[in-house]
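**Student:** Mind having a look at this structure? Questions to follow.
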Amino acid sequence: MQPRVSFSTYALIGTMLFGMFFGAGNLIFPIQLGQLAGTNFWLALSGFLVTAIGLPFLGILAIGLSGSSGLRDLSNRVHPIFGFFFPLFLYLTIGPFFAIPRTATVPFAVGIEPYVAKDHVTLFLGIFSLVFFFIVYYFSLNPAKVMDVIGKYLTPAFLLFLFILIIISFINPMGSFEQPQGEYVNNAFMTGFKEGYNTMDALASLAFGIVVISAIKNQGITDIKSIAKTTWKSGIFAMVLMMVIYGAITYMGSSSVQAVGAFENGGLIFAAVAEHYFGSFGGVLLAVIIVLACLKTSIGLITSCSEFFHEAFPKVSYKQFVFILCLVSFVFANLGLSKIIQFAVPVLMFLYPLAIVLILLTLAARFFRSRSSVYLVSIILTFFVSIIDGYKALVASIPGAEVSFLESIGSFYQEVLPFYEIGLGWLLPAIVGAVLGYILSINEKYQKDPL
């Protein structure tokens, strides 16, 4: 019989969950969403919370309920080819292509860029990111001690400063909400929904879910039902904490336009808000704390990605992958924060529907007995839509990248698929695919054993 789980255990694991997910992107996207959403604050925030909090929670729960040993094991339920390529693309996305470079560009955008002449931004970013990734490389070779020190002291210091900033923004508001802009005028909920993709937390939940399950097992909880219950309750603790912080940061963004003006990315907005309340000293202090917090995140990502790639390609050592990933991340970081976000969106629009369908199928697996054909057909039909979603986002980011054949497919989808215009065109194909896969599995079983 499993021991009774105390509230302190739920709080401990919930705090760990929060620490794993709350990084650079969790700061910059909600504050920018707030500026753009304006008076449509609540609708946009609601959509954002679905993908920025709800999906990561479901991802962790899916790993816990499935009994999988990790993302690759879970992805193999679809097909071995998918089980190799999907985790590979996912780790590249939350690793050296987007998430890791962002850990360098966010603190630069917050703490250094506002004080540097525009002509010198590229040079200073290069110097800063070179030093940043040299430190990351050094500690990633043996990360245990520094992760413990930074996790115990620097993350709490950052959260303390953040809560002070949040409380002051409520006591002394910067201004009233402005009118919504762009897609937030008529489609605030779904725009916020898609903006939540940028945190990459749902993707990270599939990669890091096994870490949470291991932490739960280390508490002496080994029964599958007890693991699921502990995951659920700990997840609620983390979700409530993140929900409060997201709401407060979005509010800061919505009320900031009159006082600090509009900026091209959330890092610059955050720097301006900190300077508004605390002056230059406050901006620098915030930058130092964010640099240290992002170092922890970057070391954690480099470590986990290096371990994954070393497992996938054992001929290359862990230390060699640490060097390669730091080098690639340095190169991508020098594109700048706005460019990283611009190029990340098409990849996320492609990967997220696949991740969502994989999570939902895993949670519903007991209803179709985890039949592989259900996974396979549903994922295939989702892929045909998500690849066009990624293409559309790429065209929006890079004018002139149109391909007539893909444009025709996109127009066809727009005519026949419900919810396509709001970014959920993959939903019906995923459902149809699951039903077809189930019918195929029943038919195969009948042919093998007609009686």
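The values are calculated or read from the model by the stated rules, or taken from the named source; none is laboratory data. A quick note: this is a predicted structure, and the numbers were derived from the prediction, not measured. Using ideal geometry, Cβ is built from the backbone for each residue, glycine included, and neighbour counts are taken over all protein chains shown.
**Student:** For segment 403-419, what are the residues that are in contact with a helix residue (DSSP H, G or I) (Cβ under 7 Å, 6 or more places away or on another chain) and either modelled with pLDDT of 90 or more or not aromatic (F, W, Y) (or both)? Before you say what the answer is, go through the steps one by one.
**Tutor:** Initially, segment 403-419 is screened for residues in contact with a helix residue (DSSP H, G or I) (Cβ under 7 Å, 6 or more places away or on another chain), giving 406, 409-410, 413-414, 417-419.
L406, I409, G410, Y413, Q414, L417, P418, listed by residue number.
**Student:** Now, a different point. Within segment 407-443, restricting attention to residues that are hydrophobic (A, V, I, L, M, F, W, C), under 27 Å from the mean Cα position of the chain (by Cα) and assigned to a helix (DSSP H, G or I), which residue is farthest from G390 (Cα to Cα)?
**Tutor:** Out of the qualifying residues, it is A434.
**Student:** Just checking, does segment 52-60 include any residue being under 21 Å from S338 (Cβ atoms), in contact (Cβ under 8 Å) with a residue 24 or more places away in the chain and assigned to a helix (DSSP H, G or I)?
**Tutor:** Here is the first cut: in segment 52-60, the ones under 21 Å from S338 (Cβ atoms) are 52.
Restricting the remaining residues to those that are in contact (Cβ under 8 Å) with a residue 24 or more places away in the chain gives 52.
With assigned to a helix (DSSP H, G or I) added as a condition, the list becomes 52.
Yes: segment 52-60 contains one or more residues that are under 21 Å from S338 (Cβ atoms), in contact (Cβ under 8 Å) with a residue 24 or more places away in the chain and assigned to a helix (DSSP H, G or I).
**Student:** Oh, and also: So which residues in segment 170-194 are within 21 Å of L49 (Cα to Cα) and assigned to a helix (DSSP H, G or I), if there are any at all?
**Tutor:** Hits for segment 170-194 are F170, G182, E183, Y184, A188, F189, M190, T191, G192, F193, K194.
**Student:** So which residues in segment 306-317 are surrounded by 16 or more Cβ atoms within 10 Å (Cβ to Cβ) and either of a type in the set (F, W, Y) or assigned by TED's automatic domain parsing to the domain that holds V395 (or both), if there are any at all? It would help to see each step written out before you state the result.
**Tutor:** Taking segment 306-317 first, the residues surrounded by 16 or more Cβ atoms within 10 Å (Cβ to Cβ) are 306, 308-310.
Those that are surrounded by 16 or more Cβ atoms within 10 Å (Cβ to Cβ) and either of a type in the set (F, W, Y) or assigned by TED's automatic domain parsing to the domain that holds V395 (or both): F308, F309.
**Student:** If only one of K339, K319 is basic (K, R) and within 23 Å of N142 (Cβ to Cβ), which one is it? Even if it seems obvious, please write down each step before you answer.
**Tutor:** On the way: K339 fails: within 23 Å of N142 (Cβ to Cβ).
When all the criteria are applied, what remains is K319.
**Student:** Of all residues in segment 343-370, count the ones that are touching an Asp or Glu at 6+ places or on another chain (Cβ under 9 Å) and assigned to a loop (DSSP other than H, G, I, E, B).
**Tutor:** So the first thing to find is which residues in segment 343-370 are touching an Asp or Glu at 6+ places or on another chain (Cβ under 9 Å), and the list is 346, 349-350, 352-353.
Applying the additional criterion that residues be assigned to a loop (DSSP other than H, G, I, E, B) yields none.
Residues that pass the stated criteria total 0.
**Student:** Now a separate question. I need the full set of residues from segment 61-115 which are more than 27 Å from I227 (Cα to Cα) and not in a helix (DSSP H, G or I), in order please.
**Tutor:** F98, I112, listed by residue number.
**Student:** From the list S386, S329, pick out the single residue that is under 18 Å from the mean Cα position of the chain (by Cα) and assigned by TED's automatic domain parsing to the domain that holds F82. Break it down stepwise before answering.
**Tutor:** Numbers: S386 fails: assigned by TED's automatic domain parsing to the domain that holds F82.
On inspection, the qualifying residue turns out to be S329.
**Student:** Continuing with this model, one more query. Given the conditions (1) surrounded by fewer than 24 Cβ atoms within 10 Å (Cβ to Cβ); (2) modelled with pLDDT of 90 or more; (3) farther than 28 Å from S329 by Cα, which single one is not true for I81?
**Tutor:** Every condition holds for I81 apart from (3).
**Student:** OK, next. Which members of segment 231-275 meet the condition of being assigned to a helix (DSSP H, G or I) and free of Cβ contacts under 8 Å to residues at least 24 places away in the same chain? Write out each step before concluding.
**Tutor:** If we filter segment 231-275 for residues that are assigned to a helix (DSSP H, G or I), which is where we start, we get 231-254, 257-260, 266-275.
The answer is V240, V244.
**Student:** Take S397 and tell me if it is surrounded by 15 or more Cβ atoms within 10 Å (Cβ to Cβ), under 23 Å from the mean Cα position of the chain (by Cα) and over 26 Å from S75 (Cβ atoms). Write out each step before concluding.
**Tutor:** On the way: surrounded by 15 or more Cβ atoms within 10 Å (Cβ to Cβ): yes; under 23 Å from the mean Cα position of the chain (by Cα): yes; over 26 Å from S75 (Cβ atoms): yes.
The answer is yes for S397.
Conditions (1) closer than 21 Å to G25 by Cα; (2) surrounded by 24 or more Cβ atoms within 10 Å (Cβ to Cβ); (3) assigned by TED's automatic domain parsing to the domain that holds G19, marked per residue:
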position	(1), (2), (3)
M200	yes, yes, yes
I221	no, no, yes
M239	yes, no, yes
M243	yes, no, yes
A248	yes, no, yes
L268	yes, no, yes
